[in-house]
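Colleague: My structure is below; once you've seen it, I'll send some questions.
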Amino acid sequence: MKRTALLAVAAFLLAAGSATAAPTAIKGVVVAKHARKGTVVLATGRKGLGVTVRIATGKVRLGDRVKMVATRLHDGTMRGSHLRVLSHVTKTKLRAVVVKRLAHSLRVASGHSLLTIHTSRRALASHHDSGMQQGDIGEFEVEIGHDGLAEDGVTAVSPSGTVQIEGRLVSVSPLVVSIEGLPIEITVPSEMTLPPLTPGDEVELVVQAGTGNTFTLVSIQSGDNEDENEVEAKGTVTDSTTSSITIDTGDATLTFAAPAGVTLPVLPAGTSVEARGVTINGVLTLTRLRTDDGGDG
């Protein structure tokens with residue numbers, strides 16, 4: 001029950017922390033930095049909603065209260081620019097779901113990222129910890145130090161909504177993904193064709209939580225298709241068929257092939273679109289297509 005509850009409650013974090021696709025000004029406190037990924041995690045608003053932002057991590061330190069302009073990306077993270085450090089704090093609030101409980105810390109998920117909140121033996125046995133277990137959502141009061149986050153209290157929160165997760169593929173059929181060691185089985189809709197997958201792959205998924213702790217796949221991407229293999233294009237359609245689409249970005253003309261088993265919609269020339277693709281066996285293959293009216297497929 002706890003294993004499936006993990007996704008159900010994490011859905012609440014995604015729904016609460018979602019942003020529009022248009023550039024917007026955001027403020028928050030830096031609670032985590034991932035130099036390898038080129039991301040920082042901000043705790044934003046009065047409830048400490050987590051937001052993962054792609055920006056140069058060397059510009060900030062843990063505890064910096066920052067302001068920037070950011071645009072939401074297709075994977076739910078944001079790309080930031082025009083960053084400005086407003087102040088520095090040593091305490092803040094962070095809303096997160098407990099992924100794993102360890103002897104002296106909690107692994108939590110917030111804003112499409114995993115973070116560690118340190119706890120002492122005394123805190124684990126006190127009213128501060130409130131018995132938080134895997135799958136529970138809390139609004140954590142955290143102290144920010146050079147070695148990361150330390151819990152200073154938590155309030156339980158009720159769950160709702162859909163979620164994006166990362167994990168390691170256990171099996172393809174049935175589709176089972178291990179999230180921090182917890183195997184979760186996910187239903188694949190009959191009309192969906194999975195990309196080439198191998199057990200052991202790191203994958204990113206968006207799933208829909210249903211009644212009875214069931215989960216249905218919305219989209220999946222293998223970790224092998226990350227940044228260096230990924231192509232994004234924004235421009236106008238110059239040619240469109242059911243098997244490929246060609247886009248003029250102004251700087252280049254790119255042709256994306258349809259994934260195996262997928263029939264593309266035929267779009268009129270001149271339609272403004274945003275596309276994302278990865279190279280599979282030497283062919284630039286479409287993974288996401290969005291028109292300027294917000295349509296997504």
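The values are calculated or read from the model by the stated rules, or taken from the named source; none is laboratory data. Computed from a predicted structure; not experimentally measured. Don't worry about glycine lacking a Cβ; one is built from the backbone with ideal geometry, like all the others, and counts go over all protein chains shown.
Colleague: Could you give me the residue pairs with C-beta distances under 7 Å whose first residue belongs to the range 201-222 and is in the same structural domain as residue 188 (by TED's automatic domain parsing), whose second residue is of a type in the set (Lys, Arg) and modelled with pLDDT of 70 or more wherever it lies, and which are 6+ apart or on separate chains?
Modeller: 202/168
Colleague: Could you look through the range 68-102, keep only residues that are among the polar types (S, T, N, Q) and part of a strand (DSSP E or B), and pick out the one that is nearest to the chain's Cα centre (by Cα)?
Modeller: This residue is 71.
Colleague: Here is a list of conditions, (1) among the polar types (S, T, N, Q); (2) farther than 27 Å from residue 139 by Cβ; (3) at pLDDT 80 or above, and residue 155 meets all of them except one; can you say which number that is?
Modeller: (2)
Colleague: Any idea how many residues of the range 8-48 are at pLDDT below 50 and within 18 Å of residue 96 (Cα to Cα)?
Modeller: 12
Colleague: Does residue 25 satisfy the criteria of being crowded, with 19+ Cβ neighbours inside 10 Å, in contact (Cβ under 8 Å) with a residue 40 or more places away in the chain and assigned to a strand (DSSP E or B)?
Modeller: It is false that residue 25 is crowded, with 19+ Cβ neighbours inside 10 Å, in contact (Cβ under 8 Å) with a residue 40 or more places away in the chain and assigned to a strand (DSSP E or B).
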